[in-house]
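Input: a single structure, listed below in structure tokens.
The values are calculated or read from the model by the stated rules, or taken from the named source; none is laboratory data. Model, not experiment: these values are computed from the prediction. Positions of Cβ are backbone-derived with ideal geometry, glycine not excepted, and every protein chain shown enters the neighbour counts. Heavy atoms of the whole protein, side chains included, go into the accessibility calculation; ligands, DNA and RNA do not. Shrake-Rupley method; radii C 1.70, N 1.55, O 1.52, S 1.80 Å.
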Amino acid sequence: EGRLWAVEFDAKSLTTVGDPVPVQEGLLTKDSGAAQFGVAQNGVLMHMPGDNPAVVTRSLVWVDRNGNTTPLPVPPGPYANARLSPDGTRVSVRIGTSEHNLTVFDVATGTARQLTRGLELWLPEWLSNTHIAYSLMGRTADLYSVPADGSAGPDRLTRSPGFDYAIDVTRDGSRLTIQRIFDSPANPNHREIWELPLDGSGAETPLLQGEFFRRGGDYSPDGNWLLYESNESGEEGIQIRPYPGLGAPVSVATDRGATPRWSSDGSELFYQLGGQVVAQKFDTDSGTLGPVTILFDDIFFRDGPAGRREYDVSQDGKFLMQLEAPPPVYDQVVLVQNWTQELQRLIPVD
């Protein structure tokens, strides 16, 4: 809350003594929770002043193929993970600072419905026009589903030994791809693609796993191809495999290409490449790629958690993106001399 607190500590028993006391007001705190202060051994306190927390706000915008933006009728906020519903009438976002909750906005009117409260929620994804999946952070991150109209509480979809989050659903709604992340000393941040039947017929099963890093897993609209990121070609880039047979991959972009997405008819791929958003033709019958077309400069928010795609594409080819407000300017540092003497007055310690 913009305050620096202190509490007496017994180094022998490794316990605190008494209650915490606020000892300095007006500290800048980032929305990540990091407070901007330091204390030197000579008793000087240094801190940055500012609003608390320093929340980064973003606007939801439509972007056409020429880079022209049109705002949605939604007020700016600390949004991330924006996703369009399959019918294109609503957008879901993760919103919040100290908490991260799920909110759905009507695309035409901006009417909001908050679906969760008091959760540390991550990476929502529409399962259908009626349900949304999300990850719930904890010792492990399992996957849950909640009705998009707020009519009921969440249902657990997976019990993961790692960190699960939803990626994409087949057009018939029968299967969901899952990003599963494992962390071990031998292979930290290892990523695999799993698949879950949504009819309740069974548990999730591995789709692409092994020694390689694999992220994403978007089904093509015709259901015959799987689009993802991997380092299986020798360097990290975008791959396409036949589905469900998972034949030999087709390499799309190996030089900084990331966060791919199919067009609504499957005739193009969109992805972010070297500071630009690009399109590339793809022949779903032959599995061959066409030339790359640069669409517009990538000035939009893209650094979401887990390297996940932070944009979506509508059925008529518009991009749903997040335009970040200019960050506030922090051009002051406050130095407080003899601060430890004041600390001793506030919290006397023998």
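The figures follow:
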{"item": "Segment 1-24, residues that are surrounded by 12 or more Cβ atoms within 10 Å (Cβ to Cβ) and farther than 18 Å from Pro348 by Cα", "result": "Gly2, Arg3"}
{"item": "Residues satisfying the stated conditions in segment 208-218, i.e. over 15 Å from Ser135 (Cβ atoms) and either open to solvent by 30 Å² or more (accessible area, probe 1.4 Å) or β-branched (Val, Ile, Thr) (or both)", "result": "Gln209, Gly210, Glu211, Phe212, Phe213"}
{"item": "Number of positions in segment 262-297 that are of a type in the set (Ser, Thr, Tyr) and free of Cβ contacts under 8 Å to residues at least 40 places away in the same chain", "result": "5"}
{"item": "Only listed residue being open to solvent by less than 60 Å² (accessible area, probe 1.4 Å), under 18 Å from Arg241 (Cα atoms), among the acidic types (Asp, Glu) and out of contact with any Asp or Glu (no Cβ under 6 Å at 6 or more places or on another chain), chosen from Glu204, Glu195", "result": "Glu195"}
{"item": "Members of segment 302-350 that are open to solvent by 90 Å² or more (accessible area, probe 1.4 Å) and basic (Lys, Arg)", "result": "Arg345"}
{"item": "Selection within segment 191-243 - farther than 12 Å from Gln179 by Cα and of a type in the set (S, T, N, Q)", "result": "Ser201, Ser220, Asn224, Ser230, Asn231, Ser233, Gln239"}
{"item": "Top-ranked residue in segment 73-107 [being part of a loop (DSSP other than H, G, I, E, B), touching a Pro at 6+ places or on another chain (Cβ under 8 Å) and of a type in the set (S, T, N, Q); ranked as nearest to Ser263 (Cα to Cα)]", "result": "Thr97"}
{"item": "Test: residue in segment 281-297 that is surrounded by 16 or more Cβ atoms within 10 Å (Cβ to Cβ), out of contact with any Pro (no Cβ under 8 Å at 6 or more places or on another chain) and closer than 13 Å to Ala258 by Cβ", "result": "no"}
{"item": "Strands (runs of 3 or more DSSP E) fully within segment 206-273 counting 3 or more residues that are at pLDDT 90 or above and over 18 Å from Leu289 (Cα atoms)", "result": "214-219"}
{"item": "Any hit, segment 225-246, residues being in contact with a helix residue (DSSP H, G or I) (Cβ under 9 Å, 6 or more places away or on another chain), crowded, with 18+ Cβ neighbours inside 10 Å and closer than 30 Å to Gln114 by Cβ", "result": "no"}
{"item": "Segment 314-350, subset of a type in the set (A, V, I, L, M) and in a loop (DSSP other than H, G, I, E, B), residue nearest to Arg302 (Cα to Cα)", "result": "Ala325"}
{"item": "Matching residues, segment 151-192, being open to solvent by 10 Å² or more (accessible area, probe 1.4 Å) and β-branched (Val, Ile, Thr)", "result": "Ile167, Val169, Thr170, Ile181"}
{"item": "Any hit, segment 108-128, residues being in a strand (DSSP E or B), over 20 Å from Thr57 (Cα atoms) and touching a residue at least 24 places away in the same chain (Cβ under 8 Å)", "result": "yes"}
{"item": "Residues being open to solvent by 30 Å² or more (accessible area, probe 1.4 Å) and not polar (S, T, N, Q) - total across segment 69-83", "result": "5"}
{"item": "Residues of segment 26-46 satisfying the condition of being within 25 Å of Asn338 (Cβ to Cβ), within 32 Å of the chain's Cα centre (by Cα) and open to solvent by 60 Å² or more (accessible area, probe 1.4 Å)", "result": "Phe37"}
{"item": "Test: Thr284 is over 30 Å from His47 (Cβ atoms), of a type in the set (Ser, Thr, Tyr) and touching a Phe, Trp or Tyr at 6+ places or on another chain (Cβ under 7 Å)", "result": "yes"}
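Residues are listed down the side, and each one gets a yes or a no for (1) under 27 Å from Thr293 (Cα atoms); (2) over 20 Å from the mean Cα position of the chain (by Cα); (3) surrounded by fewer than 21 Cβ atoms within 10 Å (Cβ to Cβ):
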| residue | (1), (2), (3) |
| --- | --- |
| Met48 | no, yes, yes |
| Trp62 | yes, no, yes |
| Gly67 | yes, yes, yes |
| Thr89 | no, yes, yes |
| Glu99 | no, no, yes |
| Leu102 | no, no, no |
| Asp106 | no, yes, yes |
| Thr116 | no, no, no |
| Ile132 | no, no, no |
